[in-house]
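Report on the following structure.
The values are calculated or read from the model by the stated rules, or taken from the named source; none is laboratory data. Computed from a predicted structure; not experimentally measured. Note: ideal-geometry Cβ built from the backbone for every residue, glycine included; neighbour counts use all protein chains shown.
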Amino acid sequence: MRTETDSMGEIEVPANRYWGAQTQRSLKYFSIGQDFIPPEVITAMAILKKAAALTNCELGKLPEDKAQLIIEAATEVIEGQLDG
């Protein structure tokens, strides 16, 4: 677990999740439902995010360190490492 903070204070978030305090609080306090985004859509979004990070870094619009973090996370999504 790691401690995240938002406008409502601190909350514990599982260390293996990429979301932050607001998402964790929503999962804890709201019935979000059982509808899921199709995995193919999530993969497509990750491909777009990766392409955007590469392009914006190449154009000098995104620092290389931030681009690399986005690229790594997108690659994990594309490869299915974060499924489940």
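Take segment 3-62 and flag every residue that is small (Gly, Ala, Ser) and in contact with a strand residue (DSSP E or B) (Cβ under 8 Å, 6 or more places away or on another chain).
Filtering segment 3-62 down to residues small (Gly, Ala, Ser) leaves 7, 9, 15, 20-21, 26, 31, 33, 44, 46, 51-53, 60.
Those that are small (Gly, Ala, Ser) and in contact with a strand residue (DSSP E or B) (Cβ under 8 Å, 6 or more places away or on another chain): 15, 20, 21.
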List, please: which pairs have Cβ atoms under 6 Å, are six or more places apart or on different chains, and start with a residue in segment 58-84 that is touching a residue at least 40 places away in the same chain (Cβ under 8 Å) and end with one that is assigned to a helix (DSSP H, G or I)?
82/76
Considering only residues that are in a loop (DSSP other than H, G, I, E, B), within 16 Å of residue 80 (Cα to Cα) and either touching a residue at least 12 places away in the same chain (Cβ under 8 Å) or aliphatic (A, V, I, L, M) (or both), which ones fall in segment 11-47?
18, 37
Looking only at segment 11-25, how many residues end up being small (Gly, Ala, Ser) and loosely packed, with under 10 Cβ neighbours inside 10 Å?
1
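Take segment 58-70 and flag every residue that is touching a helix residue (DSSP H, G or I) at 6+ places or on another chain (Cβ under 7 Å) and under 17 Å from residue 18 (Cβ atoms). Show your work before the answer.
As a first pass, look at segment 58-70 and keep what is touching a helix residue (DSSP H, G or I) at 6+ places or on another chain (Cβ under 7 Å): 62, 64, 67, 70.
If the condition is that a residue be touching a helix residue (DSSP H, G or I) at 6+ places or on another chain (Cβ under 7 Å) and under 17 Å from residue 18 (Cβ atoms), then 67, 70 are the ones that fit.
Residues in segment 26-40: is at least one surrounded by 10 or more Cβ atoms within 10 Å (Cβ to Cβ), within 28 Å of residue 5 (Cα to Cα) and assigned by TED's automatic domain parsing to the domain that holds residue 1?
Residues of segment 26-40 that are surrounded by 10 or more Cβ atoms within 10 Å (Cβ to Cβ), as a first pass: 26-27, 39.
Subsequent filtering for residues that are within 28 Å of residue 5 (Cα to Cα) retains 26-27.
Next, from what is left, pick out any that are assigned by TED's automatic domain parsing to the domain that holds residue 1: 26-27.
Yes, because at least one residue in segment 26-40 is surrounded by 10 or more Cβ atoms within 10 Å (Cβ to Cβ), within 28 Å of residue 5 (Cα to Cα) and assigned by TED's automatic domain parsing to the domain that holds residue 1.
Return yes when residue 50 is within 21 Å of residue 83 (Cα to Cα), modelled with pLDDT of 95 or more and charged (D, E, K, R) and no when it is not. Quick ask: steps written out before the conclusion?
Details: within 21 Å of residue 83 (Cα to Cα): yes; modelled with pLDDT of 95 or more: yes; charged (D, E, K, R): yes.
So residue 50 passes the test.
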Being of a type in the set (Gly, Ala, Ser), modelled with pLDDT of 95 or more, within 19 Å of residue 77 (Cβ to Cβ) and under 16 Å from the mean Cα position of the chain (by Cα) is the requirement here; does residue 21 meet it?
no
Per the list (1) among the small types (Gly, Ala, Ser); (2) surrounded by fewer than 11 Cβ atoms within 10 Å (Cβ to Cβ); (3) closer than 25 Å to residue 1 by Cβ, residue check on residue 80 breaks on (2)
Evaluate segment 48-57: report whether one residue or more is closer than 23 Å to residue 4 by Cβ, out of contact with any helix residue (DSSP H, G or I) (no Cβ under 6 Å at 6 or more places or on another chain) and not assigned by TED's automatic domain parsing to the domain that holds residue 3.
no
